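These notes concern the structure reproduced below.
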Amino acid sequence: METFIVPTLAENTTHIDLAIAKPKGLSLQQLGVPLLEGTVIKKGKLPEFLQLFEDGKAGRRYQNIRVTAAKALEGEVETARCIVQFEVFGDENVPVADNSGFGITLCAGGEALLELPQTAAFLPYAACWYENQFFYEVPPGLFDRVDGLRFTLKTDQVRPL
């Protein structure tokens, strides 16, 4: 019986700073953010983030990572949401099972405030770019403290093409 070595993409974490932004613009309208008086927006971005194999070679590429956090009134209820958008490229490999995806932790001054649910990236085939967009509910009382997030790419076993 043959034994196959399954390459593994290593866990990798980065920090994305969030800063207050103006509550206007086409990108917010496309996300459906209520652009009303009192709406508060925080934004952050990262041009590229790689997930490497355990031997240090690039295995998956995340580009144009954009984070938009919004606190607004919907009806008479205050809501807060964090929207994460990015493009992902699967290089020359495919996940052995559903991809392990990524995790997000909201932070204030480096302190972890809230870990959001782990989410799998939309990556159905290798060697293609895919646009991804996710949103998370955030407690409105926590929103004002958030000044960044930890973006963690989870360990993933893959099959090379």
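Kindly write out, for region 59-64 in residue order, the coupling ³J(HN,Hα) from the Karplus curve 6.51 cos²θ - 1.76 cosθ + 1.60 (θ = phi - 60°), rounded to whole Hz, with x marking Gly and Pro.
x, 8, 10, 10, 10, 6
Under 17 Å from a label point 7 Å along Cα→Cβ of Leu161: give me every residue in region 72-102 with its amide N that close.
Within reach of a label on Leu161: 88-97, 99.
With a 1.4 Å probe and every protein chain kept in, tell me what percent of the accessible surface of the chain is carbon plus sulfur. Don't skip to the end; give the middle numbers.
Details: 4820 of 9020 Å².
Of the solvent-accessible surface of the chain, carbon and sulfur hold 53 percent.
Given (1) 10, 37, 30, 16, 5, 1, 0; (2) 11, 40, 32, 15, 2; (3) 9, 26, 29, 20, 11, 4, 1, which label gives P(r) over Cα pairs in 10 Å bins from 0, in percent as computed from the coordinates?
(1)
Please go through the residue pairs Lys22/Lys45; Lys24/Lys71; Lys24/Lys154 and name each one whose alpha carbons sit more than 23 Å apart in this structure. List each step's numbers first, then the result.
Working: Lys22/Lys45 15 Å; Lys24/Lys71 13 Å; Lys24/Lys154 34 Å.
Flagged as over cut-off: Lys24/Lys154.
Need one word for region 59-117: rounded, prolate or oblate. Basis is the Cα gyration tensor (sqrt eigenvalues a ≥ b ≥ c); a/c below 1.5 gives rounded, then a/b vs b/c decides. Let's see the in-between values first.
Details: a/c = 2.49, a/b = 2.04, b/c = 1.22.
Verdict is prolate for region 59-117.
Looking only at chymotrypsin sites (Phe, Trp or Tyr not before Pro) in DSSP loops with at most 15 other Cβ atoms within 10 Å, what is the longest site-free stretch of the chain? Display every interim value, and only then the final one.
Working: sites that count: Phe4, Phe122, Tyr125.
Result for the longest clean stretch: 5-121.
Among Ile41, Asn64, Gln51, whose Cα lies farthest out toward the positive end of the dipole of region 11-79, if unit charges sit on the beta carbon of Lys, Arg (+1) and Asp, Glu (-1)?
So the residue furthest toward the plus end is Asn64.
Which value in deg cm²/dmol, rounded to the nearest 500, describes the helix-derived mean residue ellipticity at 222 nm for the chain, given -39,500 (n - 2.57) per DSSP H run of n ≥ 4 and division by the residue count? All intermediate terms of the calculation are to be shown ahead of the outcome.
Details: 2 runs with 10 residues, N = 161.
Helix contribution divided over all residues of the chain: -1000 deg cm²/dmol.
Obtain the nm distance between the two label points defined at Glu74 and Leu35 by a simple spin-label model: each point lies 7 Å from its Cα along the Cα-to-C-beta direction.
So the label points at Glu74 and Leu35 sit 1.9 nm apart.
The values are calculated or read from the model by the stated rules, or taken from the named source; none is laboratory data. Just so it is clear, the model here is predicted, and its values are computed rather than measured. With ideal geometry, Cβ positions are generated from the backbone for all residues, glycine too; neighbour counts draw on all protein chains shown. Please note that ligands, DNA and RNA were not included when accessible areas were found on the heavy atoms of the full protein model with its side chains. Shrake-Rupley method; radii C 1.70, N 1.55, O 1.52, S 1.80 Å.
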